[in-house]
């Protein structure tokens, strides 16, 4: 059988094209052959110049104007067929030699070569030898031996030259045909086919042969007429031949003549599609097929079967009819032909048959049929045991891959780029949800069994054909697509064949088909700097306001709804700043997979990807962070990863794996590679649209002293230095620092001026600014949690989300390009102030002591810090050394209250505690500003010890005792109905409260620990609680103030005016020692046995007149009353008891008296008075229970030191 | 019973959703492939033929060597393809019809995604029983 036959092929003159002389480079040979083969059709009209009619042409009806000669060039020649007598078109009628002169310098040798080559084709009627690219020397040689030189020139003239030569060849062929036909007509020839030669030449046979000879000769003449381009002549001869053959029963030749007549018919009407003609052709050909079959049956006994002619006829008809409308008829013909394959003895015949069938099915559009027969072809090739056959098999199989949907991605690139698919994938991505039916369509025509077989055969054939790239690709496709169907041993085998193929490939070979691992996009972990790109509003100066989440909540209802929706799909990368993409790799196979390098594949070309290498053990998956740096502004598309494994570089697309996983979820694919590796559930991640924006400034914050937590004791105040460095390439031109998060009040101050003065921060520049922190107080729950923990870290606990943040918004300069100013986005840097508050000094309790405990205070202790205190003057200092009792030996101290703070140090460091009461000098109303301040005396509290700190409280009294302070107590008693009164009451109340707070805020307990820890105890609440009970006593002045002074020699001695009064109602005198103020004493000693003139000053602190019954008492150290009638120690002059006096409001009254001390020693004078007709205010102040109670008011004792005269 | 028979259900999308070797001849691996190859190739013919007739049963549409492909096309264009070597037209027709009923039952299962593989073992058993009965 011969390939490529068609009905018209009976009219083609076969020309063998043979390379002669020295070796011809393949490219040159291809070029020369193409040059020759261009002229497959030579018009008869163009032959005229070369044609000379020697005798009368037998082709009487030759169409010189329209006809043509058809040449069929066979490169390399062909084996002479035994059937060439039967069909003249099978004969090689001309030989053309091709010679590449540069490689064969000796022209004589070339000529000899050509003659030798031409000799193998005895049927050749003409021969030419074309020599290309001659050297000058060769051109100069005489043009002998029939070698036609083609001097080097441009392509066009070369073609023209060749055309001339071919026309010459055709003309000489035509003349030869004429000669041959004339001779055949006159003498006749013996025409034999292999069918005839086999038969024994019995007499009967000889007679039969003689009868048949004429018919056969007519048929051959017809063939030559056809070759000579004269279908009309051919038709006449064929008709004769048919008649003769029918008469002689020469079935085989009858069929041949019929074929010839159809050919003549078709050639004659070439280019016209005529249904009548088609029916004719069809009818004739069915007859032909029948005849051939009959011939086959007749000669069945013989060794040589003409069955191939029957098949060829069927193929010719099929090719003629091969159109979509006639698909059924053609496929029937082809199936019939395929059935005939069994009858073919020669394997190469079968090969050709299958090839032809496959080709015809392919041109019919029956891809799967074509693939099926191609595979049959490949199997026949594989039966031959040589590399060329294997290569052919491989190539044929590769052609089938499209039909079986296992094509290499290299060949299906165009499919991927088809707009339809892109649109589909986009719409899928948009909706985010894929309809199951469309999922199904993704896996169309998946015949996994067949696909595996085909791939395996490709692999086998490519190994045999020594094509490592193809075998790598086939093994990769096989492994990737069908690993669940392959046994572990098979998988390892494929892995090793991959490795073997890679060994033969040059390093760095790329293959279009990915192998393992499976790679899917896991997530795009945002670098903090990426997250913090803030769009700037050009119309808003302070663009940062409301730009970021300001509270502790993830969702804030105040952010704009529109922005959050779109930002999900869009990511901005910044030129020059590294980014990361997390991908998941899976190796579902049973061998160790070594990925030599993997990096992101970027088609947009503006991204530098960094490779990493991964080792995947069997059946595992791994998350890998791939990073890179965007290099240019624009869109970035990352369709997948470039993987270098098994020695070959491949590109793995995310989209493909997504499709695969989608199929796996629907049960359309055998297995999900990620799930079988124990990875988590499938979640589809769409690659967001990423755009690269121009470089922005990048601030990096650094807390000086380490980025760890700042360990602070409760209440500690510390300065933290924060360094901002611009790590970007653009200067920071504006910035804003704000606080957010919890515990914002723990940041006392931020040195805004420092960083503001550093703006703009140039690339690489840095600024350090100070933030003052104060540790907050741990709540009770914190403390309890601490207790429960192990002792080692119990105090170092830190909870998430309780820290304040510094929100730093900053931006670079505006772009000035193109005449318009565009604002690049700003950025936000969040600096968490990791404050770890540990338990520090603890205030166990605060209480106001009622001076049951004896305490001594020296003057030093009581020295006021404030110089404004008008009470202190130089004379004070004289008595510094005198330690005075402030204690009433009987009833505790006078005028002094102590606030006791009990502190406990649970930490493992030592604390020093300072207690100070800050005086408020501006408060002029406070007449008696005596404070205790022990600034120089620190109390050191060792670890796990507690200590008590006493705070003396003195003279925080208000100047006037007013009724309004008691409104609450008296509200029920007094009929105060008027509104004005109520308002006044309220004001007074507020004033009282304010003064309480004022007092409390003045008391500060500071502590130090170590070198740089210092802070303040928060004791406000505790003190308030402690003071609340006796606040009245502390703050309110006594209604009456008594003071003594000497009136000696007419000059006033220094008098300590003191107002310390003990003021209580008589029944409850002892129980309630009044608030003490200062110790009263006479500065100068008084001599005994002298008359001492004294006076007592009584001041009314209320707004009403107070009438009273005043009496003065004197006691010695033993507490004996010295003014007793019976006592002889003190003599006196003047009234000392039952003095009826009346003091006007806010005024003073002086009552003089004289005393005469007989015995030196210490004495104390005390004034007391019973108030007559006490008002409600006084009663309330004295906390009288019943209105009848006498109200007693008592001053502080006045100390007198009496010295003897001796 | 036919010595060689290979039954495949091909979905609308040309995916084989069920395949079974139902012949009595001992199984050979490469032959099973060969059967599927033939059936796959026959799809081309079926694709044209299905639109030329009203009948669901297309009888034998293709052949390769001694093996014949008979096809039954459902209304949803799911194709039942049987590769066999004996010609018992009636048996094949009954076989197809009964398998169609089974297939409809599968199809009615709300958990079955049309076009995906039929994995029901019950279906498999039934089909093989039908093959024994009719082929």
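Relative contact order of chain B, taken over Cα pairs closer than 8 Å and 6 or more residues apart, is 29 percent.
Ranking of A:100, A:320, A:254 by neighbouring Cβ atoms within 10 Å, starting from the fewest: A:320, A:100, A:254.
Classify chain B as rounded, prolate or oblate, taking a ≥ b ≥ c as the square roots of the eigenvalues of its Cα gyration tensor: rounded when a/c is under 1.5, otherwise prolate if a/b is larger than b/c and oblate if not.
Working: a/c = 1.40, a/b = 1.15, b/c = 1.22.
It is rounded, given that a/c, with a ≥ b ≥ c, falls under 1.5.
Segment A:7-195: percent of C-alpha pairs farther apart than 21 Å? Tail of P(r) above 21 Å: 53 percent of Cα pairs.
Listed from fewest to most Cβ neighbours within 10 Å, the set B:51, A:64, A:573, A:180 follows the order B:51, A:64, A:180, A:573. Take every Cα pair under 8 Å whose residues are at least 6 apart in sequence, average their separation, divide by the length of segment A:86-157, and the relative contact order is 36 percent. Exposure proxy for A:841, A:149: other Cβ atoms within 10 Å of each Cβ, ordered fewest to most, give A:149, A:841.
Available extension along the chain between residue A:136 and residue A:604 is 163.1 nm, counting 0.36 nm per residue and deducting the alpha carbon span.
Each of residue A:1001 and residue A:625 was given a label point 7 Å from its Cα along the Cα-to-Cβ line. The distance between the two points is 5.0 nm.
Given axes a ≥ b ≥ c from the Cα gyration tensor, I'd like to know whether segment A:58-104 is rounded (a/c under 1.5), prolate (a/b larger than b/c) or oblate. Cα axes put segment A:58-104 in the oblate bin.
Averaged over residues, the count of other Cβ atoms within 10 Å places the peptides A:825-832, A:477-484 in the sequence A:477-484, A:825-832, highest first. Fully extending the segment from residue A:945 to residue A:153 would add 273.9 nm, taking 0.36 nm per residue of separation and subtracting the current Cα-Cα distance.
Per residue of B:40-50, other chain Cβ atoms within 10 Å of the residue Cβ number 6 on average.
Applying a 10 Å radius around every beta-carbon, put A:73-84, A:1106-1117 in order of their mean neighbour count, most first. Walk me through the numbers before you get to the answer.
Numbers: A:73-84: 15.0, A:1106-1117: 19.5.
Packing proxy ranking, top to bottom: A:1106-1117, A:73-84.
Using the Cβ-Cβ distance between residue A:339 and residue A:208 with R0 = 51 Å, the FRET efficiency computed as 1/(1 + (r/R0)^6) comes to roughly 0.95.
Please give the average number of partner chain Cβ atoms lying within 10 Å of the Cβ of each residue in B:59-67, rounded to a whole number.
Numbers: counts 0, 0, 3, 4, 4, 7, 4, 2, 0.
That average works out to 3.
Quick one: if the Förster radius is 25 Å, what FRET efficiency do residue A:328 and residue A:239 give, using the C-beta to C-beta distance and rounding to 0.05? Before the final figure, lay out the partial values.
On the way: r = 33 Å, r/R0 = 1.31.
The pair residue A:328/residue A:239 has a calculated efficiency of 0.15.
Mean per-residue shielding of peptide B:4-16 is 3, counting Cβ atoms of other chains within 10 Å of each Cβ.
Inter-label distance, residue B:94 to residue A:1146: 12.9 nm, where each label sits 7 Å from its Cα along the C-beta direction.
Given the peptides A:590-598, A:21-29, A:86-94, A:347-355, arrange them by the average over their residues of other C-beta atoms within 10 Å, most packed first. Please list the in-between numbers first.
On the way: A:590-598: 17.6, A:21-29: 14.9, A:86-94: 23.2, A:347-355: 20.1.
Highest to lowest by the protection proxy: A:86-94, A:347-355, A:590-598, A:21-29.
At R0 = 45 Å, how high is the FRET efficiency between residue A:487 and residue B:53 if r is their beta carbon distance? Nearest 0.05 is fine. FRET efficiency, residue A:487 to residue B:53: 0.50.
Modelled label positions at residue B:86 and residue A:55, each set 7 Å beyond Cα in the direction of Cβ, lie 7.0 nm from each other.
Bear in mind these aren't lab numbers, they're just calculated from the coordinates by the rules spelled out. All of these numbers come straight from a predicted model, not from anything done at the bench. Because the Cβ atoms are built from the backbone with ideal geometry, glycine has one as well, and the counts that use them run over all protein chains shown.
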